[in-house]
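Trainee: Below: one structure in structure tokens.
The values are calculated or read from the model by the stated rules, or taken from the named source; none is laboratory data. Source: prediction; values computed, not measured. In this analysis, Cβ positions are derived from the backbone assuming ideal geometry, glycine residues included, and neighbour counts consider all displayed protein chains. Ligands, DNA and RNA are stripped out before the accessible areas are found, and what is left, the full protein with its side chains, is counted by its heavy atoms. Shrake-Rupley method; radii C 1.70, N 1.55, O 1.52, S 1.80 Å.
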Amino acid sequence: MNVPVWLWVATIAGLLVLIAIDLVIVDRKPHEVTTKEAAKWVAFYVSCAVLFGAGVWFFAGHEPGVEFFTGYITEYSLSVDNLFIFMVIMASFKVPLIHQHRVLLIGILLALAMRSVFIAVGAALIAQFVWVFFVFGAVLVWTAINMLRGNDEDEEYHENAVTRWMRKIYPVSDAYDGHKMFVKREGRRHMTPMFLVIVAIGSADLLFAVDSIPAIFGITQEAFLVFAANAFALMGLRQLFFLLGGLVNKLVYLSYGLAVILGFIGAKLVLHALHEYHVAPDWLDINNWISLGVIVVVLTVTTLASLAKSKRDTAAARS
């Protein structure tokens, strides 16, 4: 794809408009987001992503279109797995229900800004060095193995280095004070738990990018599509948090499905590198249609299997 500067500007401007709409309509008056409201907004953001992908398909061709949709589905599915840690963080910081939407909004915007740096660096490395594909592939395979072993699961939240560092810079006030990030107590500036939990959400999502960014580069090496897929996935993640709620805990097999997907994309990255070095035969190629089919099938099977198991467990508990 030949992406002109004006298209980058228009895409970023469109995302800023979506954020502004969200702030004006949803977050103008702090309230607890209902399931019905969240469902409408999830449908809205998914529709926006579909329209964007359709535009890519129409103007750039079917291959970039398939790459965007495959990348978007991959990023969104990986984001669903990240919702659990978001719930743990919210509970750990005792975020009031009426403020949870703003915490997620600002935290995820912070994460998107930091992810953009990762994307730019990844695109630059891939453009210069073929061996980077081996590194990305190894990261994904290692992550997949850890997910299958269950090493990534932790029901307790442990503050990361960024959050601990913030605590050293500013003292933290005892309670929330509306949307305020900083307050003065006894003549001294204090950071509120509101600001700290936003940092926790943003930095936690940045850690998730360690596997999600290499994963989407295994689908497309076009930085514009990588950024757009990440942006739409993250924008829709906030409302998905309120829509799914406790349902995330019922998707017991989702991590296994994501492990399969990450392992599959990791293998695809390695094969791509071998093709670049003219080592792998031409027939040993995984095109984006195959990738899209594998991802959709794996997600469908793991979701249905998880819901079936949850239903059986519920029935057994009642009996």
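Trainee: Name the residues of the range 199-213 whose amide N is less than 17 Å from a point 7 angstrom out from the Cα of SER92 along the C-beta direction?
Mentor: Only 199-209 fall inside the zone, counting backbone N under 17 Å.
Trainee: If you don't mind, another one. Quick one: angle between helix 35-60 and the longest Cα principal axis of the chain, in degrees between 0 and 90, rounded to 10, please.
Mentor: The angle comes out at about 30 degrees.
Trainee: Let me ask you something else. Calculate I(q)/I(0) for the range 112-249 by the Debye formula, one identical point scatterer on each C-alpha and no solvent, and give its log10 at q = 0.12, 0.13, 0.18 Å⁻¹ to two decimals.
Mentor: -0.66, -0.76, -1.16
Trainee: Given R₀ = 45 Å, FRET efficiency for GLU186-SER47 by Cβ-Cβ distance, to 0.05?
Mentor: E between GLU186 and SER47, to the nearest 0.05, is 0.35.
Trainee: Here is a further query. What ranking, highest mean first, results for peptides 213-221, 163-171 when packing means the other Cβ atoms within 10 Å averaged over each residue?
Mentor: Packing proxy ranking, top to bottom: 213-221, 163-171.
Trainee: Calculate one ³J(HN,Hα) per residue across the range 16-21 by plugging θ = phi - 60° into the Karplus curve 6.51 cos²θ - 1.76 cosθ + 1.60, and present them in order as whole Hz with x for glycine and proline.
Mentor: My calculation for the range 16-21 gives 5, 5, 4, 5, 4, 4 Hz in order.
Trainee: Here's something else I'd like to know. Quantify, in whole percent, the carbon and sulfur part of the accessible surface of the range 131-274 (1.4 Å probe; protein heavy atoms only).
Mentor: 59
Trainee: Another question, if that's okay. Going by amide H atoms built from the backbone, whose H comes under 5 Å of the H on THR192, apart from near neighbours?
Mentor: The answer is SER173, PHE182, VAL183.
Trainee: Determine ³J(HN,Hα), in whole Hz, for all residues of the range 66-77 in sequence, where each value follows from phi through the Karplus function 6.51 cos²θ - 1.76 cosθ + 1.60 and θ = phi - 60°; x replaces Gly and Pro.
Mentor: Using θ = phi - 60°, the values come out as 5, 4, 5, 5, 5, x, 5, 4, 4, 5, 5, 5 Hz.
Trainee: As a check on your grasp of the helix formula, calculate [θ] at 222 nm for the chain: sum -39500 (n - 2.57) over DSSP H runs of n ≥ 4, divide by the residue count, round to the nearest 500.
Mentor: Helix-only estimate at 222 nm: -26000 deg cm²/dmol.
Trainee: Angle, helix 132-149 long axis vs. longest principal axis of the chain, Cα atoms, 0 to 90°, nearest 10?
Mentor: Between the helix axis and the principal axis of the chain, the angle is about 60 degrees.
Trainee: Something else now. Mind ordering 5-17, 62-74 by average Cβ neighbours within 10 Å, highest first?
Mentor: 62-74, 5-17
Trainee: Largest first and in whole Å, what are the equivalent-ellipsoid semi-axes of the range 195-319 based on the Cα gyration tensor, each being the root of 5 times an eigenvalue?
Mentor: Gyration-tensor ellipsoid for the range 195-319: 31, 22, 11 Å.
Trainee: Counting pairs of alpha carbon atoms under 8 Å apart in space and at least six apart in sequence, what relative contact order in percent does the chain give?
Mentor: The normalised contact order for the chain reaches 30 percent.
Trainee: Please report the base-10 log of the normalised intensity I(q)/I(0) for the chain, using a Debye sum with one equal scatterer per alpha carbon and no solvent, at each q in 0.16 (1/Å).
Mentor: -1.46
Trainee: Assuming 1.002 mPa s and 20 °C, estimate D for the range 24-100 with Stokes-Einstein, Rh taken as the Kirkwood radius over Cα pairs, in µm²/s.
Mentor: 144
Trainee: Please identify which residues in the range 200-226 have an amide N closer than 20 Å to a label point set 7 Å out from the Cα of LYS168, following the Cα→Cβ vector.
Mentor: 200-204, 207
Trainee: In addition: Sorting check: for 230-239, 182-191, 272-281, which peptide has the highest mean count of neighbouring beta carbons within 10 Å, and how do the rest follow?
Mentor: Result, highest mean first: 230-239, 272-281, 182-191.
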